[in-house]
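Down below is the structure, laid out as structure tokens.
No value in this document is a laboratory result; all are computed from the given coordinates. No experiment lies behind these values; they were computed from the predicted model shown. All Cβ positions, even for glycine, are placed from backbone atoms using ideal geometry, and neighbour counts span all protein chains on display.
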Amino acid sequence: MASCSLIPPASSLVSSSLCKLFTSRNPMATVGLLSFAPKTSSFVILSIKQRAYHESSFRVRSVAAPVEDVAGFDDMVAGTKRKYYMLGGKGGVGKTSCAASLAVKFANSGHPTLVVSTDPAHSLSDSFAQDLTGGTLVPVEGPECPLFALEINPDKAREEFRSTTQKSGGTEVKDFMEGMGLGMLVEQLGELKLGELLDTPPPGLDEAMAIAKVMQFLESQEYSMFTRIVFDTAPTGHTLRLLSLPDFLDASIGKILKLRQKITSATSAIKSVFGQGQTTQQDAADKLEQLRERMIKVRELFRDTDSTEFVIVTIPAVMAINESSRLRASLKKENVPVKRLVVNQILPPSATDCKFCAMKRKDQLRALDMIQNDPELSILTLIQGPLVDVEIRGVPALKFLGDIIWK
Ligand SMILES: Nc1ncnc2c1ncn2[C@@H]1O[C@H](COP(=O)(O)OP(=O)(O)OP(=O)(O)O)[C@@H](O)[C@H]1O
């Protein structure tokens with residue numbers, strides 16, 4: 001008599017069907033699945049037939065792409081190791097409301113939590129209905145466990161950095177170097193146009209510097225208590241540019257640092273008479289090196305599947321969904337882990353729709369259908385957030401929204 005006993009981890013539907021198929025062909029066998037290699041879609045089956053073990057391997061032609069096993073909020077809240085959640089998407093879809101509600105939920109679940117905004121148009125203060133401005137840690141009143149907010153002003157972060165690096169372009173150094181016959185190096189320094197870089201920064205630099213600033217904070221003792229960090233990021237375009245920025249900065253800062261190496265090793269005479277000039281040059285170079293290192297950390301943080309998750313927030317509208325699909329594709333290209341898609345502002349069910357609501361609902365259903373057929377989005381765990389009839393402001397409202405969305 002055929003029997004099919006599965007050896008863990010063979011517990012999926014696919015493996016159980018496969019065992020049944022195997023036993024129907026080998027009625028005298030007792031089988032178990034030994035392993036499954038998703039890349040090659042190969043199964044190895046162990047069977048016991050006539051008191052002997054046999055191993056057979058199968059290649060399955062088409063296996064549906066395994067949807068990543070994502071549990072709900074339980075999975076997000078489990079463990080005390082620090083985890084980062086970045087919420088991003090098109091402007092106005094509800095990123096801040098979702099980020100703030102997630103932060104409240106983490107805090108109410110016992111995690112000392114930090115919610116950070118790196119969006120130049122901050123709305124955390126509006127969302128919490130408390131003044132959280134100032135660029136430093138501000139406690140949020142209301143949740144059961146400590147919840148702090150940090151609104152980083154990207155302009156200020158850039159200005160701070162700029163004031164130190166500017167010193168390196170001082171005429172004293174240039175004159176001195178001309179005098180030493182190193183005019184060529186001065187020209188090269190000029191070509192780097194560091195001042196201009198900071199006056200008209202490439203898109204994404206502001207956001208990158210803001211996140212770099214957060215990384216700097218997070219290294220300090222004061223921040224060591226936080227086990228959950230939620231980022232309310234800038235709208236999609238900024239996020240995408242931010243992701244490609246570290247490579248650009250790495251290259252340009254690398255160039256500057258190489259030049260510094262040249263200058264400092266060019267002649268020991270420069271070192272001995274550089275005096276103040278050398279110190280400022282050194283300060284600026286150190287600052288640049290620090291920025292470069294932080295950029296690398298930011299990039300690593302975004303790609304660390306163990307500690308970081310990027311949650312895409314969208315609404316059931318064609319334009320927003322198209323943008324989310326592009327965002328997901330770009331994040332995938334950059335190896336940024338994405339598991340969940342929040343579709344916010346879905347019309348709640350109603351028995352008596354007015355004409356406007358009926359049309360709107362039809363439109364939303366069409367958009368939701370698009371998600372199911374979108375190769376980038378259909379694989380994500382879908383979280384539906386209802387459109388609520390009051391503005392979401394303040395901790396009680398955020399708790400209410402969080403309890404609906406983060407389950
Ligand atoms: N599910 C919802 N039901 C009702 N109103 C909502 C919902 N989600 C968000 N809102 C409201 O929509 C507005 C925009 O939300 P929010 O500021 O969170 O969006 P955002 O994506 O962060 O915007 P921005 O890109 O401008 O920063 C706010 O007034 C907020 O209260």
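Which trypsin sites (Lys or Arg not before Pro) from the stretch 77-133 combine a DSSP loop assignment with at most 13 other Cβ atoms within 10 Å?
Values: sites: 81, 82, 83, 90, 95, 105; in loops: 81, 82, 90.
Sites meeting the loop and neighbour criteria: 81.
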Output ordering of 349-362, 383-396, 317-330 (per-residue mean of other Cβ within 10 Å, highest first) is 317-330, 383-396, 349-362
Farthest towards the positive end of the dipole of the stretch 349-390, among 382, 365, 351 and with Cβ unit charges of +1 on Lys and Arg and -1 on Asp and Glu, lies the Cα of 351
Between residue 231 and residues 5 or more places away or on another chain, the pairs with built amide H atoms under 5 Å apart involve 85, 86, 87, 116
Which residues qualify? For residue 346, with a placed amide H closer than 5 Å and at least 5 residues away or on another chain, they are 385, 387
